[in-house]
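The values are calculated or read from the model by the stated rules, or taken from the named source; none is laboratory data. Everything numeric in this text was worked out from a predicted model, so none of it was measured. Positions of Cβ are backbone-derived with ideal geometry, glycine not excepted, and every protein chain shown enters the neighbour counts.
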Amino acid sequence: MGFLDTLFGRTKPVQPKLDDLFGLPSAAVQLEAATGFKPTGSGSVSFRAPEGKPFADIQREVLELLAMDDDKPGGGLPVEVTKDSYGYTWIVSNHMSDEMDALVTDLHAVNTELVDGGFGPQLLCTLVAFSDENHRRLSLVYLYKRGTFYPFAPLSGNNNRDNALELQVKNVLGDDLRIEQDLTRWFPVWGAPGL
Amino acid sequence: MAARTRYAPDRGLTVRMTATMFLLGLVFVAFVALIIGIMTAAHASAAAIILIALIFGGGSAYISLFYSDKIALAAAGARIVSPQDAPELHGIVDRLCALADMDKPRIAISPARMPNAFATGRNSKNSVLCVTDGLLYHSGLTQEELEGVLAHELSHVAHKDVQVMTYASLLAIVAGLLVRFAFYSELFGGGRRGGNNGNAALLIPLIMLASAVVYAISFLLIRLLSRYRELAADRSGALLTQNPSALINALTKVSQGMNRIPTQDLRTAEPLNAFYFAPAMKLNGGQSLSNVFSTHPSLKKRIEQLEKIQLELGKPGPDPRGLR
């Protein structure tokens, strides 16, 4: 925040950075080689919808928005729209596990549509899910506002996360993705759809 | 920034806040000029008084800036809670911080039964967000309403309100100290001085009078500024959660809750008032006068502003074919 914003007590809406998402496919290859984690083919985009509308309306509008231009990439995407217990709307895209490029293209298209629709400042994160042979779960979470990724590995049971695995992933992917260096920003997304 | 944003900043609020700060600065400059004028005409004892007041005032401002979080936490009897202790609270704050792109403050819970929340600390790295047990368990707030309260407090952190208000209060602190020092020196030093300089006997009361006037004016201006900062935090908080009506509900519930609590509890909470979500003071009759002195805008004003934001959110977005 600038000096004047501080002085006047206002916050500028933060606009998202989207292009770093395209680093994900090569990172996924690197991740599989180093740790055995494979993409599940599922990814999701989370944002905050404005109040005053029933969720069904938001759902319909998001789907309409995404299906609006069939000639654009992202037109008529196969997505689900859900809402989590914290009041955020999630758009989940499902692909085959080897279609990482397509998944990322779709997620980017969803994000672009939301930004064009004026929801840029309300975007929370994009999440891509991975799992390994032991059914351990891992996701890479992209923070728009900072343009960084961080790993999130929930353990089954009561809100615990596998910090050792997360730090390992941080080291593995350090060259491929911009990893969030401030560990306090690695906020957990328990129960995120698509994870 | 090619901002595609759905809302313009509130120009009226910015103008009023600027005017308040300008007046505060003007009073400060006039005060300093007056003091310098007096000092050039004065002998050592008046100058020493002023110097001591400046040192004490600066010192107390420094302490309140650098230890505000610790002092406030101790005063509220609050303890820092980990994500394991309060997963839901942390979950809400995590998301709001990611949404607003700000550092996450430490989170504390105070055992007070009075429903309230405050944020303090000189910058976002050193800030603490504290909620009371009363807010979490006894106020009947829904999760959305709690989120509204937390977003309001996070906006205080983002706006660096502790810093702004400390700097703004510096003048009042110094002026207040000057009144007191001048009074004591009049009381104890009067006899000694009388013999050597006739002017000096007049100078000390003059400083006292000027300081008292400056103190009164700056006190009112600071309260005014504090009310504007509250409105600004309401606004930013509502825009962050996109949910002004939840904040309206929370304000109504918390204010009602505050009035039900016995006065004894409320008084112990008063020193922290400026940082609270809702003021811990009982509102009695004489509204118009009590408004001038209060740190928070009236409930009516806050709700009016939030209703305006509700309307704003209902307007179409920048993209005509987009959502709304």
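Look at the range B:73-95: where a residue is farther than 14 Å from B:Glu147 by Cα and a partner is of a type in the set (Asp, Glu) and crowded, with 17+ Cβ neighbours inside 10 Å, sitting 6+ places away or on another chain with Cβ atoms under 9 Å, you get B:Pro83/B:Asp94. Residues being assigned to a helix (DSSP H, G or I) and at pLDDT 85 or above are represented in the range B:204-213 by at least one member.
Count, please, the residues in the range B:239-252 that happen to be surrounded by 24 or more Cβ atoms within 10 Å (Cβ to Cβ) and more than 9 Å from every other protein chain (Cβ to nearest Cβ). Qualifying residue count for the region: 2. Pairs meeting the criteria (first residue in the range A:87-110 and under 30 Å from B:Gly148 (Cα atoms), second residue of a type in the set (Phe, Trp, Tyr) and assigned to a strand (DSSP E or B), beta carbons under 9 Å, at least 6 apart or on different chains) are A:Tyr88/A:Phe47; A:Thr89/A:Phe47; A:Trp90/A:Phe47; A:Ile91/A:Phe47; A:Leu107/A:Tyr142.
For the range A:71-79, the criterion of being at pLDDT 85 or above, surrounded by fewer than 21 Cβ atoms within 10 Å (Cβ to Cβ) and either within 12 Å of another protein chain (Cβ to nearest Cβ) or more than 13 Å from A:Leu21 (Cβ to Cβ) (or both) is met by none of the residues.
Scanning the range B:130-140 for residues that are at negative phi and either surrounded by fewer than 23 Cβ atoms within 10 Å (Cβ to Cβ) or at pLDDT below 85 (or both) turns up B:Asp133, B:Gly134, B:Leu136, B:Tyr137, B:His138, B:Ser139. Name the single residue, out of those in the range A:113-137 being assigned to a helix (DSSP H, G or I) and charged (D, E, K, R), that is nearest to the other protein chains (Cβ to nearest Cβ). The extreme case among them is A:Asp116. For B:Ile309, the test of being within 14 Å of chain A (Cβ to nearest Cβ) and at pLDDT 75 or above is passed. All of (1) within 18 Å of B:Phe22 (Cα to Cα); (2) modelled with pLDDT of 85 or more hold for B:Leu171 with one exception: (2). Looking at (1) more than 14 Å from chain B (Cβ to nearest Cβ); (2) among the aliphatic types (A, V, I, L, M); (3) in a helix (DSSP H, G or I), can you tell me which one A:Val110 breaks? Single failed check for A:Val110: (1). Against the definition (under 29 Å from B:Leu171 (Cα atoms), more than 13 Å from every other protein chain (Cβ to nearest Cβ) and surrounded by fewer than 17 Cβ atoms within 10 Å (Cβ to Cβ)), how does B:Gly59 come out, yes or no? In short, yes.
Okay, residues lined up against (1) within 11 Å of chain A (Cβ to nearest Cβ); (2) over 17 Å from B:Ser155 (Cα atoms); (3) modelled with pLDDT under 85:
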position	(1), (2), (3)
B:Arg79	no, yes, no
B:Leu89	no, no, no
B:Ile92	yes, no, no
B:Leu96	yes, no, no
B:Ile107	no, no, no
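Per this entry, B:Glu147 is counted among residues that are buried (at least 21 other Cβ atoms within 10 Å of the Cβ), touching a residue at least 24 places away in the same chain (Cβ under 8 Å), acidic (Asp, Glu) and in contact with a helix residue (DSSP H, G or I) (Cβ under 9 Å, 6 or more places away or on another chain). Taking the criterion of being under 11 Å from the mean Cα position of the chain (by Cα) and either of a type in the set (D, E, K, R) or modelled with pLDDT under 85 (or both), would at least one residue in the range B:187-202 satisfy it? Taking every residue of the range B:187-202 in turn, none turns out to be under 11 Å from the mean Cα position of the chain (by Cα) and either of a type in the set (D, E, K, R) or modelled with pLDDT under 85 (or both).
Residues checked against (1) modelled with pLDDT under 90; (2) of a type in the set (Gly, Ala, Ser); (3) buried (at least 20 other Cβ atoms within 10 Å of the Cβ):
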| site | (1), (2), (3) |
| --- | --- |
| A:Tyr142 | no, no, yes |
| A:Tyr150 | no, no, yes |
| A:Gly157 | yes, yes, no |
| A:Arg161 | yes, no, no |
| A:Asp176 | yes, no, no |
| A:Thr184 | yes, no, no |
| A:Gly191 | yes, yes, no |
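Of the set (1) outside any strand (DSSP E or B); (2) touching a strand residue (DSSP E or B) at 6+ places or on another chain (Cβ under 7 Å); (3) surrounded by 23 or more Cβ atoms within 10 Å (Cβ to Cβ), all apply to A:Leu165 but (3).
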